[in-house]
Amino acid sequence: MLSEERVREVVGSLKEPFLHKTLGELEAIEEVKIKEEKNHVSVKVLVVKTGTSEQLELQTQIVNTLKEAGAATVGIRFGQLPEEVIAAHRSQEPEGESGLLNSTNTTFIAIASGKGGVGKSTVSVNLAVALARSGKKVGLIDADIYGFSVPDMMGITNRPVVRGEKIIPVERFGVQVISMGFFVEDNAPIIWRGPMLGKMLNSFFHEVEWGDIDYLLLDLPPGTGDVALDIHTMLPHCKEVIVTTPHPTAAFVAARAGAMALRTEHEILGVIENMAYFESKITGEKEYVFGRGGGDKLAEELQTEVLGRLPLDQPDWNEEDFAPSVYQEDHRLGKIYSEIAEKVISRLNQ
Ligand SMILES: Nc1ncnc2c1ncn2[C@@H]1O[C@H](COP(=O)(O)OP(=O)(O)OP(=O)(O)O)[C@@H](O)[C@H]1O
Ligand SMILES: [Mg+2]
């Protein structure tokens, strides 16, 4: 039979995932209950952030440790550590480590959508390039760790270099880029579990030398999964741009991504309707091949505006400066992206 003291001892030796101090040290075990007849142990533990993949990892550790110590079943509840405790232990962290995340000069903009293949990566890349063309200092994180596509889309062939302890992003069209694709051999698929994803993203923030940038764009993987959640917890002030196709059901799905942004109090900058129509180069006639109204419907639902509508078209082919998904500045889509960039800048300056 486990005693309360023993429970506090074994659970207390585990580390709080955000502060990296033991739960004992942080006095984070709020409650221990033991039901003798069933050999059931329940604990309430306080952490810095609840509802995270880190919490899930800690939960597994607690269950395993208590079962090893002899508990038949384990119940866990989580709560939030008091601000004073967090502040007291945070201040002991090395200075400057999280410079970028705490920087007030950098605006984070996540490009999200409810489903795949609507053009998030295309929009991320071209919005980043358009912001850079208008004179801003821009970074781009390919946060699609499994399905990275930014390096290929931008025609990046070189790899980042390491200076001291930091990784220097690759610059292309004036944008500082970092992608998992830079660290994977021969396009090998990546099989990782959720918690590792969070760690990778963390290194993209902390181990990359971003310098002094105005905007950091994040190309999110499709849906509202792990990475989207990590971003929500890591970057509480992140802004969001939601991409949809013009089909009303697509907008419906995208609304879920938007709903998540609203729930986490991420400000939505607006909606971009991609693949909005096809315009004949010969007659100039527009055909709404993927339907109509999706962008407006979504903007209405999220109480925001449509920042722009992009028709179907490919960038012009350029042998010398190959970048298959980047529209030239004078391309009609390049111009629309410039307009969207101006809208984003002015919304953020308001
Ligand atoms: N306006 C457009 N005109 C023509 N093709 C487009 C347009 N926008 C995107 N595409 C093409 O559609 C495909 C999907 O785009 P993209 O990869 O940007 O979508 P995504 O939302 O990032 O996808 P995933 O969910 O897989 O990350 C790509 O082949 C891209 O080149
Ligand atoms: Mg993508």
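For the subset of the stretch 204-222 comprising residues that are part of a loop (DSSP other than H, G, I, E, B) and within 16 Å of ligand 2 (Cβ to nearest atom), which member is surrounded by the most Cβ atoms within 10 Å (Cβ to Cβ)? Taking the candidates together, the pick is Leu220. Considering the stretch 67-108 alone, what residues qualify as being at pLDDT 85 or above, small (Gly, Ala, Ser) and either within 24 Å of the chain's Cα centre (by Cα) or closer than 18 Å to Gln55 by Cα (or both)? Within the stretch 67-108, Gly75, Gly79 qualify.
Residues that are in contact with a strand residue (DSSP E or B) (Cβ under 7 Å, 6 or more places away or on another chain), part of a loop (DSSP other than H, G, I, E, B) and among the aromatic types (Phe, Trp, Tyr) within the stretch 275-292 comprise just one, Tyr277. Can you go through Gly155, Gly116, Gly135, Gly147 and tell me which one is more than 8 Å from ligand 2 (Cβ to nearest atom), among the small types (Gly, Ala, Ser) and in contact (Cβ under 8 Å) with a residue 40 or more places away in the chain? Result of the check over Gly155, Gly116, Gly135, Gly147: Gly155. Regarding Phe252, is this residue surrounded by fewer than 18 Cβ atoms within 10 Å (Cβ to Cβ), of a type outside the set (D, E, K, R) and either free of Cβ contacts under 8 Å to residues at least 60 places away in the same chain or within 17 Å of Lys120 (Cα to Cα) (or both)? For Phe252, the condition - surrounded by fewer than 18 Cβ atoms within 10 Å (Cβ to Cβ), of a type outside the set (D, E, K, R) and either free of Cβ contacts under 8 Å to residues at least 60 places away in the same chain or within 17 Å of Lys120 (Cα to Cα) (or both) - is met. Of all residues in the stretch 257-274, those satisfying the criterion of being in a strand (DSSP E or B), under 17 Å from Thr244 (Cβ atoms) and not hydrophobic (A, V, I, L, M, F, W, C) are Gly270, Glu273, Asn274.
How many residues, within the stretch 106-136, are assigned to a loop (DSSP other than H, G, I, E, B), more than 14 Å from ligand 1 (Cβ to nearest atom) and at negative phi?
Of the residues in the stretch 106-136, the ones assigned to a loop (DSSP other than H, G, I, E, B) are 106, 113-119, 134-136.
After this cut, where a residue has to be more than 14 Å from ligand 1 (Cβ to nearest atom) as well, the list is 106, 134-136.
In the following step, the residues that additionally are at negative phi were identified as 106, 134, 136.
Residues flagged as assigned to a loop (DSSP other than H, G, I, E, B), more than 14 Å from ligand 1 (Cβ to nearest atom) and at negative phi within the stretch 106-136 amount to 3.
Within the stretch 294-323, being more than 20 Å from Thr245 (Cβ to Cβ) and either buried (at least 17 other Cβ atoms within 10 Å of the Cβ) or within 16 Å of ligand 1 (Cβ to nearest atom) (or both) holds for Asp316, Trp317, Asn318, Phe322, Ala323. So which residues in the stretch 9-57 are more than 13 Å from Gln80 (Cβ to Cβ) and part of a strand (DSSP E or B)? Hits for the stretch 9-57 are Lys15, Thr22, Ile29, Glu31, Val32, Lys33, Ile34, Lys35, His40, Val41, Ser42, Val43.
The residue that is surrounded by the fewest Cβ atoms within 10 Å (Cβ to Cβ), counting only those in the stretch 40-95 that are in contact with a helix residue (DSSP H, G or I) (Cβ under 6 Å, 6 or more places away or on another chain) and among the polar types (S, T, N, Q), is Thr65.
Residue count for the stretch 131-153 satisfying the condition of being more than 20 Å from the chain's Cα centre (by Cα) and among the hydrophobic types (A, V, I, L, M, F, W, C): 1. Candidates in the stretch 225-246 are the residues that are crowded, with 21+ Cβ neighbours inside 10 Å and assigned to a loop (DSSP other than H, G, I, E, B); of these, the one that is farthest from ligand 2 (Cβ to nearest atom) is Pro246.
Name the residues in the stretch 272-302 that are without any contact (Cβ under 8 Å) to a residue 24 or more places away in the chain and either among the hydroxyl-bearing types (Ser, Thr, Tyr) or at positive phi (or both), would you? Walk me through how you get there before you give the answer.
First, pick out the residues of the stretch 272-302 that are without any contact (Cβ under 8 Å) to a residue 24 or more places away in the chain: 280-285, 287, 289, 296, 300.
If the condition is that a residue be without any contact (Cβ under 8 Å) to a residue 24 or more places away in the chain and either among the hydroxyl-bearing types (Ser, Thr, Tyr) or at positive phi (or both), then Ser280, Thr283, Gly284 are the ones that fit.
The values are calculated or read from the model by the stated rules, or taken from the named source; none is laboratory data. A quick note: this is a predicted structure, and the numbers were derived from the prediction, not measured. As a convention, Cβ positions derive from the backbone with ideal geometry for all residues, glycine included, and neighbour counts pool all protein chains shown.
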